[in-house]
Amino acid sequence: MEKGEWRHKARAFRGNVKVVSLFFVALGLLCGGGWIFLNKGLYLLPERMCEGALDRDVVKRVLPEAREAESGSDVRGAGADLSFSCHVTTSDDSTLSGKARVQPLSRDKWLEYYRGPGGQHQVIRVSAGDVEALALTGSSTVSSVYVPCAPPSVPSYNASQPYAVVGEVWVYGEAKAAGESLRQHLTDFAYQLAAHAYETAECKMPRSFSQELPRYGDR
């Protein structure tokens, strides 16, 4: 084979290799882009949602992958009438929702409400000081947090019963997590909602909220 012909074939070979390489690179980008598109609902949510009360990582651990997702929050009232809600809804009809409200409610009444008449519902509980959390066991996907609060608009001498910020979180539709893992994620969300509502309502006794409550598995 003449030297010129050999060089020509070598250049052609290198050109073919480059074309094939570019093809696979483009294919990889296309597949990656398609994966991101199909899952953008969760991965393109803000890192912190609902005025910072909900972490995207919690959403990713609770809800299944979805093509689309949207989040929103709402604040109504103030002080003793404050209500703060937050939700994330996916295109797969799964919803992670929560609400924190200031209300006249004792700890015993709060616990009685979730246990139901005659204690028909089983709950697991953890606490840190006077802050308490619970989650319903079995197939239920509800968790709640109780934080004592003295609203600025209610004089202590005029309060007929204790006030508290009660956070409640639930899941509708399919959930990625299950069992104790799901209950823990929901409780973490309820705790963050309650902490945010406590500060927004300007409860009289300032308190420091730790990053998280004790784990149910450590009971």
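The values are calculated or read from the model by the stated rules, or taken from the named source; none is laboratory data. Note that the structure is predicted; figures quoted are calculated from it, not measured. Glycine gets a Cβ as well: all are built from the backbone with ideal geometry, and neighbour counts include every protein chain shown. Accessible surface is based on the protein model in full, side chains and every heavy atom, while ligands, DNA and RNA are left aside. Shrake-Rupley method; radii C 1.70, N 1.55, O 1.52, S 1.80 Å.
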Looking at the structure I just gave you, is GLU174 in a strand (DSSP E or B) and of a type in the set (Asp, Glu)? no
Looking for something open to solvent by 40 Å² or more (accessible area, probe 1.4 Å), outside any loop (DSSP other than H, G, I, E, B) and aromatic (Phe, Trp, Tyr) - is there at least one such residue anywhere in segment 141-155? no
Per the list (1) modelled with pLDDT under 90; (2) within 26 Å of the chain's Cα centre (by Cα), residue check on GLU5 breaks on (2)
Which condition number does VAL102 fail, the rest of (1) within 20 Å of GLY79 (Cα to Cα); (2) among the aliphatic types (A, V, I, L, M); (3) open to solvent by 20 Å² or more (accessible area, probe 1.4 Å) being met? (3)
Within segment 197-212, residues surrounded by 10 or more Cβ atoms within 10 Å (Cβ to Cβ) and more than 23 Å from PRO104 (Cα to Cα) come out as SER210, GLU212
Among what's in segment 96-141 and is closer than 29 Å to THR200 by Cα and of a type in the set (S, T, N, Q), pick the residue that is modelled with the lowest pLDDT. THR141
In segment 167-210, what residues are hydroxyl-bearing (Ser, Thr, Tyr), in contact (Cβ under 8 Å) with a residue 12 or more places away in the chain and under 22 Å from PRO152 (Cβ atoms)? TYR198, THR200
